[in-house]
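Since the structure comes first, as structure tokens, the remarks are kept for the end.
No lab work stands behind these numbers, since they all come straight from the coordinates. Treat the numbers as computed from the prediction; the structure is a model and nothing was measured. Cβ sites come from the backbone with ideal geometry, for glycine too, and all protein chains shown count toward neighbours.
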Amino acid sequence: MKVSPLQNARYGYTPKLPGMLRGGISQISVKVGAATESVADQDKIKALFPNTYGNNEITFEKGTNTSTPKKQVVGVILSGGQAPGGHNVISGLYDALKASDKNNVLLGFKGGPSGLIDDDFVEFTDEFIDAYRNTGGFDIIGSGRTKLETEEQFKIVTEVAKKHGLTAIVIIGGDDSNTNAAVLAEYMAAHNTGVQVIGCPKTIDGDLKNEDIEASFGFDTATKTYSELIGNIERDANSAKKYWHFIKVMGRSASHVALECALETQPNICLIGEEVAAKKMSLSSIADYIADAVEKRAANGDNFGVAIIPEGIVEFIPEFSMLIAEINELLAGSKTDEFNALPDWKSKFAFIKEGLSAEAFAVFEILPRFVQQQLFLERDPHGNVQVSLIESDKLFAALVGDKLEARKAAGTYKGKFGTQHHFFGYEGRCAFPSNFDSDYCYSLGYNAFMLIQYGYNGYLSKVSNLSKPAEEWNAGGMPITKMMNIERRNGEDKPVIRKALVELDGAPFKYFEAHRDEWAVETAFTYPGSIQYFGPSEVCDLTTMTLALEKGEKL
């Protein structure tokens with residue numbers, strides 16, 4: 001198969017490991033830290049996880065390996081959406097496993113968690129792994145969104161594990177996937193199967209992090225990819241000087257991607273969902289905020305600009321959340337079929353007006369028709385509005401346009417307002433991983449094997465001190481239950497990993513807040529360019545600005 005020169009060169013890249021993981025498996029010892037407790041709802045989480053709750057944090061260090069040697073047969077799955085670096089997690093896991101004993105086996109179960117249930121797998125070899133090193137995507141074994149959460153599923157997975165003599169299962173995924181890993185680990189321990197379960201933190205959205213997990217893998221590469229594209233658009237806007245570009249970026253539950261891209265590119269506008277919620281901003285007030293920047297720039301002769309919009313922004317707007325909740329109730333049960341059977345939009349609009357409260361309908365009525373209709377597109381599996389289908393970039397462009405027309409009629413605005421729209425999502429999920437993500441992911445996989453070798457179960461592979469050179473990174477593990485709390489899901493209390501939102505008192509947001517008024521009016525664009533893989537470390541091994549600011553480093 002023909003490969004590009006860059007792809008061929010990346011095969012040969014040697015990822016950097018934390019200092020304590022270098023020098024051979026026999027020279028890695030373990031230091032046991034403090035016992036842990038869940039982030040909230042301690043009594044409830046402890047009751048649900050009696051066999052895996054409260055375990056100690058651990059750190060690896062240089063020293064004699066004291067683990068008990070045994071043949072390891074490990075299964076690995078990729079779960080959820082793609083994120084750059086997943087192939088290197090598997091590569092690191094494979095290399096550590098084979099370095100310990102060449103007779104150890106790594107099985108990749110295909111298509112995500114369903115691969116474990118269907119017993120659909122491949123046994124990895126050197127040749128197989130070498131074709132995927134340092135490359136993007138999850139195509140090595142594919143991924144899926146099946147949840148491992150029922151007793152029946154656990155019994156099947158246990159039988160599959162027994163059939164292959166599995167000693168451990170590694171689940172590479174986000175918060176939901178690692179919640180499933182914790183539940184599976186508890187089941188394996190409760191039934192004395194001897195199978196360990198280890199998780200690895202993945203998501204480009206950046207919302208799987210806390211005091212222990214400094215970054216989820218893929219966030220670095222994805223935001224650098226989006227920032228390159230945004231920088232290109234900024235350069236184009238500054239060249240043509242005739243369009244406002246509204247750019248929607250990934251981030252359904254948190255605005256980490258939008259914030260990082262804003263720090264990288266210094267756009268005129270970037271909405272942060274968490275701030276919108278905290279300030280209880282309305283659609284109208286947000287539109288006015290953007291329109292103010294458009295008007296001020298137009299007064300300087302700049303009828304162009306760039307606005308970054310997080311994918312899930314509408315869910316942070318209180319009045320829009322209320323509207324969505326009422327729509328979900330309006331179409332509950334058979335009402336969806338009744339609505340869909342109506343012959344045209346006029347009759348559907350009347351149905352909606354009759355079914356919504358006056359407050360909710362007032363919000364619905366100011367929306368552009370295309371957004372009104374998007375709210376009634378295909379429902380998710382739970383019968384709810386699919387917020388990701390709402391073109392929020394076009395929504396705000398339309399609302400701002402209405403505001404400017406009103407100002408023009410009042411004589412306060414004399415500029416021109418042409419728009420272009422973009423959504424950057426899939427472009428970043430399978431990009432060639434940056435050196436940072438290549439190194440970080442390889443380290444997570446290598447470290448996962450060390451957790452397996454030392455007999456840990458229900459742990460998340462943890463690599464920290466990430467703003468420093470890889471030599472100074474720390475490797476170890478933390479019980480997944482430490483990150484968990486109880487949340488209401490589909491009418492039931494469920495143990496889940498708490499999502500990390502943008503902290504409005506955190507250093508990354510504070511830096512953005514201190515500069516955004518200047519960026520709104522001035523053309524202060526910065527152009528990150530493409531990810532660099534070869535050259536000086538200060539160019540090629542950069543972490544995200546978010547991580548640098550969180551660690552107190554100057555930009």
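From helices alone, the chain scores -13000 deg cm²/dmol at 222 nm; the rule is -39500 (n - 2.57) for each run of n ≥ 4 DSSP H residues, then divide by the residue total. For segment 30-141, the spread of Cα positions along the three principal axes, ordered from largest to smallest, is 46, 36, 26 Å. Each residue of segment 499-508 is assigned a 3J(HN,Hα), and the resulting list reads 6, 9, 8, 4, 8, 6, 9, x, 4, x Hz, derived from the Karplus form 6.51 cos²θ - 1.76 cosθ + 1.60 (θ = phi - 60°), x at Gly and Pro. Between S284 and E152, residue separation times 0.36 nm minus the direct Cα-Cα distance comes to 42.6 nm.
In the structure shown, the pairs K462/K494; K163/K202; K279/K510 are assessed against 19 Å; a Cα-Cα span above that value is assigned to K462/K494; K163/K202. According to the Kirkwood relation over distinct C-alpha pairs, the hydrodynamic radius of segment 362-465 is 19.0 Å. Scaled against the 2.2 N^0.38 Å expected of a compact globular protein of N residues, the Cα radius of gyration of segment 192-270 reads 1.48.
Among C430, C270, the order by Cβ neighbours within 10 angstrom, fewest to most, reads C430, C270. About its Cα centre, the dipole of segment 153-294 is roughly 480 debye, where the only charges are +1 on Lys and Arg Cβ and -1 on Asp and Glu Cβ. For the chain, the Cβ-based charge dipole about the Cα centre amounts to some 680 debye (Lys, Arg positive; Asp, Glu negative; other atoms uncharged). Among the lysines of segment 303-424, pairs that are 8 or more positions apart or on different chains and have alpha carbons within less than 24 Å of each other number 13. Multiplying the residue separation of D41 and K296 by 0.36 nm and removing their Cα-Cα distance gives an extension gain of 86.9 nm.
Summing +1 for each Lys or Arg and -1 for each Asp or Glu among the other residues whose beta-carbon sits under 12 angstrom from that of E57 gives 0. Summarising the amide proton neighbourhood of Y459: residues at separation of 5 or more, or on other chains, whose placed amide H is nearer than 5 Å comprise V197, G199, I480. Using bins of 5 Å that start at zero, the share of Cα-Cα pairs per bin across segment 85-138 amounts to 4, 19, 27, 26, 17, 6, in whole %.
Dipole size of segment 325-475 about its Cα centre, with +1 on Lys/Arg Cβ and -1 on Asp/Glu Cβ: approximately 600 debye, rounded to the nearest 20.
Of the two radii for segment 77-193, the radius of gyration is 0.95 times the Kirkwood radius, both from the alpha carbons; that is the Rg over Rh value. 3J(HN,Hα) along segment 123-129: 8, 6, 10, 4, 4, 5, 5 Hz, from the Karplus curve 6.51 cos²θ - 1.76 cosθ + 1.60 with θ = phi - 60°, whole Hz, x for Gly and Pro.
Normalising the Debye intensity of segment 181-334 to I(0), with uniform scatterers on Cα atoms only, and taking log10 at q = 0.11, 0.17, 0.18 Å⁻¹ returns -0.60, -1.04, -1.09.
For the chain, relative contact order (Cα pairs under 8 Å, six or more residues apart, normalised by length) works out to 24 percent.
The stretch between S26 and E472, if pulled fully straight at 0.36 nm per residue, gains 158.6 nm over its current Cα-Cα span. Helix 318-330 and the long axis of the chain differ in direction by around 80°, with both axes built from C-alpha atoms. Ranking N51, L6, S79 by how far each Cα lies toward the positive end of the dipole of segment 1-82 (charges on Cβ) leaves L6 at the top.
What is the calculated FRET efficiency for D402 to D517, with r their C-beta to C-beta distance and R₀ = 25 Å, to the nearest 0.05? Using R0 = 25 Å, I get an efficiency of 0.55. When the alpha carbon gyration tensor of segment 436-546 is reduced to an equivalent ellipsoid, its three semi-axes come out at 33, 26, 11 angstrom, largest first. If R0 is taken as 56 Å, the Cβ-Cβ distance between W345 and K62 corresponds to a FRET efficiency of 0.25.
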